[in-house]
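Before any comments, here is the structure.
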Amino acid sequence: MTTQETQIQTPDLVFPTDFVWGAATSAYQIEGAVSEDGRGRSIWDTFVKQPGRVVNGEHADVTIDHYHRYRDDVRMMADLGLGAYRFSISWPRIQPDGSGPINAKGIDFYSRLVDELLSRGIDPWVTLYHWDLPQTLEDAGGWPSRDTSKRFADYAAAVHDALGDRVRNWSTVNEPWCAAFLGYASGEHAPGRRNPAESVRAAHHLLLAHGLAVEAMRAQRSDTRIGGCVNLYAVTPQTDSEADRDAARRIDGLQNRFFLDALLKGEYPADVLEDLGEMSGFVQDGDMETVSAPLDMLLLNYYSRFTVSGTPGGAASAAAAPTDSGSPWVGSEHVSFVGAGRPVTAMGWEIDDAGLHELLIRLTREYPRIPLVISENGAAFDDVVDADGVVHDRERLDYIAAHLRTCHAAIEAGVPLEGYFAWSLMDNFEWAWGYDKRFGLVHVDYETQARVPKESALWYAGTIRRGGLNGPAE
Ligand code: IFM
């Protein structure tokens with residue numbers, strides 16, 4: 001035993017020894033190099049150049065230049081002691097036009113990244129789609145078109161064929177709710193369409209794409225672990241009134257149950273289909289069997305709780321879009337999101353770790369038992385680099401610590417929770433908010449590209465080293 005090991009104190013809350021300790025990013029948010037090595041254009045490349053779409057007209061042509069700095073970034077991950085790194089593949093790097101032959105240079109980048117991670121003992125977790133649809137496919141109809149699902153399965157098979165020998169853990173579509181409803185209903189995200197009926201079709205085709213990709217990948221290898229990835233919210237009615245309870249049912253239905261029931265039960269919830277009315281006439285025979293192909297795990301992203309009211313006149317406070325946008329709440333546009341008085345992050349999102357506990361218990365009780373992984377959890381705050389060169393981000397540290405305590409309590413209660421990925425490893429391009437919101441454990445100076453681990457990163461490294469954490473007084 002080394003001196004360092006003898007000094008490690010046993011924490012109060014010890015996690016299972018095989019618990020996965022990770023951090024996550026996505027391709028478009030960190031890579032830059034948008035015109036290099038044969039990469040095609042994505043819907044985000046188009047969107048960010050349209051006036052008024054992103055705060056301060058910012059874009060991700062360079063962002064934090066991970067494409068060129070990946071070796072240094074992986075070294076930093078190793079210094080922090082990360083056990084796993086979740087990143088996404090840029091579809092237009094692999095297939096510049098979204099179909100046809102693969103771009104060898106695109107695959108080569110991810111192959112080198114995977115090798116670099118493995119050489120430092122970090123397990124690569126691949127996400128196949130984190131919102132950067134090739135523009136050519138959007139021009140051909142985008143996610144409202146069924147054909148896009150088939151193109152996705154081909155792309156998934158190509159990536160899996162190239163990396164499946166070294167990457168065991170895969171997820172298909174990150175947060176299909178966002179891709180469908182922010183992309184095609186509110187227009188807050190690329191491609192910026194505002195058409196409720198199209199957004200519902202998009203949601204179904206994103207789920208179908210997931211299922212077709214699972215089939216294609218399973219046909220290639222039997223040792224790959226595949227998960228779907230959803231963003232879930234705890235949802236509470238503001239009062240016990242019938243209107244507020246109905247509002248909570250609707251928002252929980254569209255945000256949570258629409259995706260969970262489809263993936264894990266092979267059906268859409270009847271009440272949500274009723275709310276959507278004619279917009280839901282898109283399911284073809286056999287689709288739901290494909291969508292609910294057996295999974296090895298469910299990845300869930302958790303940030304906050306929604307408190308909702310069905311009483312007209314409530315002020316919307318949750319995740320307000322930076323620019324003028326429509327409503328993503330198709331069929332529930334009358335619902336308002338109200339503040340419940342909890343502290344908020346820089347996004348205006350209320351901090352509520354109890355909501356995560358509630359969701360984990362609910363998943364275990366109401367759905368077929370399946371291993372769970374928190375694939376994103378974290379918070380944006382207005383970080384400053386202090387005179388001592390350190391980012392004292394105590395609020396982020398407290399946020400992550402509180403959610404990890406919740407994870408521990410859930411495991412103790414019998415929830416099959418296997419891992420936790422902090423969002424995000426580094427500050428990066430926060431979609432319509434540009435560089436205004438910093439989610440990173442590691443601070444990035446966008447002028448110099450200097451990376452400096454924040455206090456939360458150093459604390460997280462200690463937590464990983466100790467295999468757990470202490471009570472709130474820590
Ligand atoms: O930055 C995003 C990420 O791309 C998807 N999940 C939520 C994060 C914070 O908004």
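The values are calculated or read from the model by the stated rules, or taken from the named source; none is laboratory data. As the structure is a computational prediction, the values presented were derived from the model and not from experiment. So basically every Cβ, Gly included, is an ideal-geometry build from the backbone, and we count neighbours across all protein chains shown. For the accessible areas, the whole protein counts, side chains as well, though only heavy atoms, and no ligand, DNA or RNA atoms are used. Shrake-Rupley method; radii C 1.70, N 1.55, O 1.52, S 1.80 Å.
If you go through the range 86-139 and keep only what is open to solvent by less than 40 Å² (accessible area, probe 1.4 Å), among the basic types (K, R) and in a helix (DSSP H, G or I), you end up with just R93.
Per-residue answers, yes or no, for (1) in a helix (DSSP H, G or I); (2) more than 16 Å from the ligand (Cβ to nearest atom); (3) of a type outside the set (D, E); (4) open to solvent by 20 Å² or more (accessible area, probe 1.4 Å):
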{"position": "E289", "(1), (2), (3), (4)": "yes, yes, no, yes"}
{"position": "L295", "(1), (2), (3), (4)": "no, yes, yes, yes"}
{"position": "L299", "(1), (2), (3), (4)": "no, no, yes, no"}
{"position": "V330", "(1), (2), (3), (4)": "no, yes, yes, no"}
{"position": "R342", "(1), (2), (3), (4)": "no, yes, yes, yes"}
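Under 8 Å by Cβ, and 6 or more places apart or on different chains, what pairs join a residue from the range 269-281 that is within 16 Å of D246 (Cα to Cα) and charged (D, E, K, R) with one that is in a loop (DSSP other than H, G, I, E, B) and open to solvent by less than 40 Å² (accessible area, probe 1.4 Å)? What qualifies is D275/G331; D275/S332. Each residue in the range 239-253 was checked for being over 27 Å from the mean Cα position of the chain (by Cα) and open to solvent by 20 Å² or more (accessible area, probe 1.4 Å), and 7 pass.
Counting only residues that are in a helix (DSSP H, G or I) and aromatic (F, W, Y), how many does the range 140-171 have?
Selection size over the range 140-171: 2.
Just a yes or no: is a residue in the range 138-158 within 16 Å of the ligand (Cβ to nearest atom) and within 20 Å of the chain's Cα centre (by Cα)?
No, because not a single residue in the range 138-158 is within 16 Å of the ligand (Cβ to nearest atom) and within 20 Å of the chain's Cα centre (by Cα).
For beta carbons closer than 9 Å, sequence separation of 6+ or different chains, a first residue in the range 172-187 that is more than 17 Å from W423 (Cα to Cα) and outside any helix (DSSP H, G or I) and a second that is within 13 Å of the ligand (Cβ to nearest atom) and of a type in the set (G, A, S), the qualifying pairs are S186/A321; G187/A321.
Would the range 309-322 turn up any residue that is surrounded by 16 or more Cβ atoms within 10 Å (Cβ to Cβ), farther than 30 Å from R168 by Cα and at pLDDT 95 or above? Looking through the range 309-322, at least one residue is surrounded by 16 or more Cβ atoms within 10 Å (Cβ to Cβ), farther than 30 Å from R168 by Cα and at pLDDT 95 or above.
Residue pairs whose Cβ atoms lie under 7 Å apart, separated by 6 or more positions or on different chains, with the first residue in the range 345-363 and of a type in the set (S, T, Y) and the second surrounded by 17 or more Cβ atoms within 10 Å (Cβ to Cβ), are T345/I351; T345/A379; T345/A380; T345/F381.
So which of T406, T448 ends up being open to solvent by 40 Å² or more (accessible area, probe 1.4 Å), away from the ligand (no atom under 16 Å from the Cβ), free of Cβ contacts under 8 Å to residues at least 60 places away in the same chain and among the hydroxyl-bearing types (S, T, Y)?
Answer to the selection: T448.
Given the conditions (1) closer than 27 Å to L298 by Cα; (2) away from the ligand (no atom under 16 Å from the Cβ), which single one is not true for Y399? So the condition that Y399 fails would be (2). Exactly one residue among W459, W423, W431 is more than 15 Å from the ligand (Cβ to nearest atom) and either without any contact (Cβ under 8 Å) to a residue 40 or more places away in the chain or not small (G, A, S) (or both), and that residue is W459.
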